[in-house]
Each structure stands twice: as structure tokens, then as C-alpha cells.
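I have placed the structure first, in the form of C-alpha cells, so that the comments after it can refer back to it.
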Amino acid sequence: MKDLIDKFGLNEVLAYLCPGVFLLGSLALWLRPDFAPLVGDKLATNAVVVGTLLLVAAYAVGLMGAAWSGQGARAYLRRAARKACKASVPKAKFSLRALLWPLLWSFHWIPSPCVNRSVVDGQLRIAEGLATFGGLQGLTRLENPWDRLAIFRTIVCGRVASRGLPILAEAEAVHRRLLFALNMALVFLLIALQALVRLVFYTLSWVHLLGLPDVPIGVLWVLVVLGIAASFGLRYVAARWWEQELLLTCSLTR
């Protein structure tokens, strides 16, 4: 495990590999593990080959999940900000965005940090630093708030005095915790939803009809309850780390 962490980096393991492992593990609710059709009967019994394939697949799934969680949170925050600005405007009778809002909230709700003059000033300084030191700004609309902070720190790390190095290190540690919490929040919700669908299949007596693995109903209820609770709890945690990362990063602009 130590060699794995050294090769991938702690950020890769926590932010991408771990969520991918959990998501791949949730496939046991639907499939019976069998690697023979993929690698052949001989290699299917080789733990090194199977383990390597699982790690690669888990990392790829984790990357996709991280992109989903990051952009989903960004979309939620932008939509929530628009709704707050338009709170006094009469609501339209029907719109597709209004229809999708409950779904966006369920998957990507995250508490927003307090917005005041100092926070706005700090974000403006970060934007100015990106434009000054990076030379370019706003290359993609897919950028989320914490990615902007990480990019800014990467650009200015060589320009920070020695007294700012501990701040940089702490900000990077907080960023890892934020990504882990945010990505695992989505993973736990997806696992809970899968368990909920399995419960529906039990009710409709479709489990044996579809040839699905037998999973105790009690285990499924535990996955539903704990998955939802862990998902929303981790979103609170992610919001806390986001505020701390913003504070640490803004301190580097002074």
C-alpha cells in the first residue's frame, strides 16, 4: 500500500481511487464477480492480474466520479445563486430548469460559504493573480471554485516567501480532504440509490427473475439509510474544508 501511495500520490488515492473502489464494490449488488470472460480462465485466478485490473478500473471510475461531483456542485452553486438573486421575481409557471432543480439539489447540494466584502475582495485578488501570473483567464466554463484555488496556488507557489510555505502545505492538505469528502458524498448517495432500487425489485419479485445476487433486505436498508446520511454529512464537511481552503489561499494574496 505504501508503494501504491508513493506512485499515485496521496491526493490520487484519496480523491479518486477510494471513491472508485467503493463504486466498483457496489456492482456486487447487481453482478456476481467473474473475470474469466475478460482475461481468460487462467489469468482469472491470478490475484496480481485481477488486482491490477480492479485498481485501473477503480481509478478511471474515480476520475469520472470526481468530474461529476465537481461540476454538479458547481452547477448547483450557480443555480442556487441565481435563485437567491431572483427570489423577489414572480416564478414562471413551468420550466425545465425548475423541473431538474430537485434532482440537482439531491445529488449536489452543498452549503455555500458566507459571502461578505472580505470574501469577495479575496476572490478578486485570486482572479487578478491568475490573470497576472498565468497570463490567461477563463479558459473553460467547467472550472469550479476549489479548482480555481488549487490552480492559483500552483501558479504562485514559486513566488511565495518561505513564511508562506506552511500555508501552501496546509491548503493542499485541506484541498485533499475537500475532494475526498465531496467525491465520497456522491458515491455514498449512488450506493444508497442502488440499494433502494434493489429493495423495489424485491417488492416486485424481480430479483430471481433477473438473476440478481441475493442480498439480505436488512443490508439493503442499512445501505440506504447510512448512504444518505453519510452523503449529506460529508457535504457539510466539504463545505467546511472549502471555507478553510479559501481562507488559506486568500492569505497568500496579501
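The values are calculated or read from the model by the stated rules, or taken from the named source; none is laboratory data. Worth saying up front: this structure is predicted, and the values here are computed from it rather than measured. Glycine gets a Cβ as well: all are built from the backbone with ideal geometry, and neighbour counts include every protein chain shown.
Residues in the range 105-127 that are at pLDDT 70 or above, of a type in the set (Val, Ile, Thr) and closer than 30 Å to Val187 by Cα: Ile110 only.
Set side by side, the residues Tyr236, Tyr202 differ, and just one is surrounded by fewer than 18 Cβ atoms within 10 Å (Cβ to Cβ), under 21 Å from the mean Cα position of the chain (by Cα), at pLDDT 85 or above and not basic (Lys, Arg), which is Tyr236. In the range 208-218, the residue that is nearest to Trp30 (Cα to Cα) out of those that are in contact with a helix residue (DSSP H, G or I) (Cβ under 8 Å, 6 or more places away or on another chain) and surrounded by fewer than 16 Cβ atoms within 10 Å (Cβ to Cβ) is Pro213.
Condition check ((1) of a type outside the set (A, V, I, L, M, F, W, C); (2) farther than 15 Å from Gln71 by Cβ) across all residues:
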position: Pro145; (1), (2): yes, no
position: Phe152; (1), (2): no, yes
position: Arg159; (1), (2): yes, yes
position: Gly164; (1), (2): yes, yes
position: Ala169; (1), (2): no, yes
position: Arg176; (1), (2): yes, yes
position: Val187; (1), (2): no, yes
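Does the range 75-88 include one or more residues that are part of a helix (DSSP H, G or I), at pLDDT 75 or above, aromatic (Phe, Trp, Tyr) and exposed (fewer than 15 other Cβ atoms within 10 Å of the Cβ)? Checked the range 75-88: no residue is part of a helix (DSSP H, G or I), at pLDDT 75 or above, aromatic (Phe, Trp, Tyr) and exposed (fewer than 15 other Cβ atoms within 10 Å of the Cβ). Would you pick out the residues in the range 196-252 that are touching a residue at least 24 places away in the same chain (Cβ under 8 Å), in a loop (DSSP other than H, G, I, E, B) and either touching a Phe, Trp or Tyr at 6+ places or on another chain (Cβ under 8 Å) or not β-branched (Val, Ile, Thr) (or both)? If the condition is that a residue be touching a residue at least 24 places away in the same chain (Cβ under 8 Å), in a loop (DSSP other than H, G, I, E, B) and either touching a Phe, Trp or Tyr at 6+ places or on another chain (Cβ under 8 Å) or not β-branched (Val, Ile, Thr) (or both), then Leu212, Pro213, Leu252 are the ones that fit. In the range 163-182, what count of residues is obtained for those that are touching a Cys at 6+ places or on another chain (Cβ under 8 Å) and modelled with pLDDT of 90 or more? Of the residues in that region, 1 qualify. Within the range 128-147, restricting attention to residues that are under 13 Å from Leu246 (Cβ atoms) and in a helix (DSSP H, G or I), the residue that is modelled with the lowest pLDDT is Pro145. For Pro102, indicate whether it is surrounded by fewer than 11 Cβ atoms within 10 Å (Cβ to Cβ) and modelled with pLDDT of 75 or more. Yes.
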